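A.B. asks: Can you keep this structure in mind? I'll have questions shortly.
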Amino acid sequence: MKTILVTGGAGFIGSHLVDRLLATTEARVVVVDNFSDFYAPEIKRANVRAHLENPRYQLIEADIREFERLRSIFSETPFDAIVHLAACTGVRPSLEQAIDYEQTNVTGTLHLLELAREFSIRKFVFGSSSSIYGANPNAPFKEEFLPLPISPYAASKAAGEMFAYTYSHLYQIQTVCLRFFTVYGPRQRPDLAIHKFARLMTAGKPIPLYGDGTTERDYTFVSDIVSGIIAALQYNQTPFEAINLGCSEMVPLKRLVEMLETALGVKANIDRLPMHPGDLERTHADINKAEQLLGYVPTTTIETGISKFVEWFRSRG
C-alpha cells in the first residue's frame, strides 16, 4: 500500500484531495497541517473530522518551517509521494507579510524537497499558482511564458517552482508543479471572493469591488483541480513539468457578482475601491498541456460551480 504525504491537507483544496484519495484509492494518507490562524482553525478542523475516522488516515499537526520536526516525521514513515499544498496564501496579505510568505512558501518548500532527497522519495507534486504569470499581457497564459510576479505571494510560488526544478534535476525526483487558477467550491476559504461576497451579500452588507468590475478570472471548480492533482500523482513520463490547471474561461468580476445575486436571490450592495497594486487584470489558462500530459478536462462550468457552492453555503445555516 502506498503512503502519500499531503501538506496543507486540512485546508480547502487539501481536504478535497484527501476525500478523493480515501474514496478512490487504497493509499494511506498522512496529512501535515499547522492549523494556522490565517482564517479560523475550527474551519479546517471541521474539514478533517470525517477523515479522522478512516484507519488509512493520519493527521500530524506540524509546521513545514520546522525542519527537524519534519525530519522526525519522515524518519517514522516511509512516504512514496508528496503532495505539497501547504502555503501562506493570498496576494494582498503578502504585500504586508512578505517575510512570512518567504519562510513558509520558499523555505518550507525547500525543507520538503531536501527531505525528499534525504529519504529517496521520487514523486513530488507542488501546488503552485497562476499568479506567477503576473503582468504578462498575453492570454491565455502558457507554461513557457516567463514568470513576471507582481506580489510577494507570486514571487514565493515562482521560487518554489525553481527549487523544485533544481531538486528534480540534481536528485531525480519526478516533479510536477501545478499552477492553480482561482479555485472555488464547497469549503472555499472565507477570505476568497466568492465565499466572502456570498457571506456579505446574505448579511445585507456591502461587498468590496476593486476596480470597475471588468477584471477577469479563470475560475476553476475544486473537483476539477483534485482530478488534476490525482493525474499528476500518476504521471511519470518526464522528470519535471509545470502545468496549468484551469477552466480556460475568463469570467468578468461583474458577471460573477450577477451570478451570485441570482443564485442567492439577493441584490449586491457594491463598495467600489481602486485596483489593488498586487492584483492582476486577468487570468486565463491555456490547458492544452494539462490535457495532453494528464488527460485533464475540466467538467464544471462556472454556472454549475456557483450553484454547487451556494448549495453548500446554505447548508451550513
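A.B. asks: Would you call Thr182 among the polar types (S, T, N, Q) and on the phi < 0 side of the Ramachandran plot?
C.D. replies: Criteria not met by Thr182.
A.B. asks: When residues of the stretch 13-48 are filtered for being touching a Leu at 6+ places or on another chain (Cβ under 8 Å) and in contact (Cβ under 8 Å) with a residue 60 or more places away in the chain, how many remain?
C.D. replies: Residues meeting the conditions: 3.
A.B. asks: Moving to a separate point now. What number of residues in the stretch 198-214 are surrounded by 20 or more Cβ atoms within 10 Å (Cβ to Cβ) and of a type in the set (Gly, Ala, Ser)?
C.D. replies: 1
A.B. asks: Take the residues in the stretch 183-199 that are among the charged types (D, E, K, R) and in a loop (DSSP other than H, G, I, E, B); name whichever of them is nearest to Leu209 (Cα to Cα).
C.D. replies: Result: Asp191.
A.B. asks: Here's something else I'd like to know. Being within 16 Å of Val251 (Cβ to Cβ) and touching a His at 6+ places or on another chain (Cβ under 6 Å) is true for just one of Tyr210, Tyr184. Which residue is that?
C.D. replies: When all the criteria are applied, what remains is Tyr210.
A.B. asks: Shifting gears a bit: Give the residues of the stretch 264-309 that are at pLDDT 95 or above, in a loop (DSSP other than H, G, I, E, B) and either surrounded by 14 or more Cβ atoms within 10 Å (Cβ to Cβ) or touching a Cys at 6+ places or on another chain (Cβ under 9 Å) (or both), sorted by residue number.
C.D. replies: Val266, Asp286, Ile287, Tyr296, Pro298, Thr300, Thr301
A.B. asks: Here's a follow-up. Taking the stretch 63-112 only, how many residues are among the small types (Gly, Ala, Ser) and either buried (at least 18 other Cβ atoms within 10 Å of the Cβ) or at pLDDT below 95 (or both)?
C.D. replies: Counting residues in the stretch 63-112 that are among the small types (Gly, Ala, Ser) and either buried (at least 18 other Cβ atoms within 10 Å of the Cβ) or at pLDDT below 95 (or both) gives 6.
A.B. asks: Identify, by number, the condition in (1) in contact (Cβ under 8 Å) with a residue 24 or more places away in the chain; (2) closer than 24 Å to Thr214 by Cβ; (3) assigned to a helix (DSSP H, G or I) that Glu258 doesn't meet.
C.D. replies: Here Glu258 meets the rest and fails (1).
Listed here are the residues, each with its yes/no results for (1) surrounded by fewer than 18 Cβ atoms within 10 Å (Cβ to Cβ); (2) within 21 Å of Gln103 (Cα to Cα); (3) not aliphatic (A, V, I, L, M).
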| site | (1), (2), (3) |
| --- | --- |
| Ala164 | no, yes, no |
| Leu170 | yes, no, no |
| Gln174 | no, no, yes |
| Phe181 | no, no, yes |
| Gly185 | no, no, yes |
| Asp191 | yes, no, yes |
| Lys196 | yes, no, yes |
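A.B. asks: If Asp224 passes every condition in (1) more than 18 Å from the chain's Cα centre (by Cα); (2) at pLDDT 95 or above; (3) in a helix (DSSP H, G or I); (4) among the charged types (D, E, K, R) but one, which one does it miss?
C.D. replies: Here Asp224 clears every test but (1).
A.B. asks: Tally up the residues in the stretch 157-202 that are modelled with pLDDT under 95 and more than 21 Å from Asp279 (Cβ to Cβ), please.
C.D. replies: Final tally of qualifying residues: 0.
A.B. asks: Hey, can you tell me all the residues within the stretch 18-33 that are buried (at least 21 other Cβ atoms within 10 Å of the Cβ) and either of a type outside the set (A, V, I, L, M, F, W, C) or over 14 Å from Gln58 (Cα atoms) (or both)?
C.D. replies: Within the stretch 18-33, Asp33 is the sole residue that qualifies.
A.B. asks: Checking Thr299 against (1) under 24 Å from Ala232 (Cα atoms); (2) in contact with a Leu (Cβ under 9 Å, 6 or more places away or on another chain): exactly one of these is not met. Which one?
C.D. replies: (2)
A.B. asks: Say we look at the stretch 128-162 and pick out the residues that are among the polar types (S, T, N, Q) and over 18 Å from Asp286 (Cβ atoms); which of these is surrounded by the fewest Cβ atoms within 10 Å (Cβ to Cβ)?
C.D. replies: By that ranking, first place goes to Ser151.
A.B. asks: Turning to a different aspect of this structure: When you look at Gln174, is it of a type outside the set (Gly, Ala, Ser) and closer than 25 Å to Lys289 by Cα, yes or no?
C.D. replies: So Gln174 fits the description; yes.
A.B. asks: A further question follows. Assess whether Ile225 counts as being in contact (Cβ under 8 Å) with a residue 60 or more places away in the chain and within 22 Å of Arg189 (Cβ to Cβ).
C.D. replies: Here the answer is yes, as Ile225 does meet what is asked.
A.B. asks: Which one of these does Leu233 not meet: (1) surrounded by fewer than 16 Cβ atoms within 10 Å (Cβ to Cβ); (2) outside any loop (DSSP other than H, G, I, E, B); (3) at pLDDT 95 or above?
C.D. replies: Of the numbered conditions (1) surrounded by fewer than 16 Cβ atoms within 10 Å (Cβ to Cβ); (2) outside any loop (DSSP other than H, G, I, E, B); (3) at pLDDT 95 or above, the odd one out for Leu233 is (1).
A.B. asks: Taking only pairs six or more apart or across chains, which ones have beta-carbon atoms under 7 Å, a first residue in the stretch 93-111 that is closer than 14 Å to Asp191 by Cβ, and a second residue that is among the hydroxyl-bearing types (Ser, Thr, Tyr)?
C.D. replies: Short answer, once both residue conditions are applied: Ser94/Tyr101; Ser94/Ser151; Ser94/Tyr153.
The values are calculated or read from the model by the stated rules, or taken from the named source; none is laboratory data. Note that the coordinates shown come from a computational prediction; the quantities given were computed from them, not determined experimentally. Methodologically, a virtual Cβ is constructed for each residue, glycine included, from the backbone with ideal geometry; neighbour enumeration extends over all protein chains shown.
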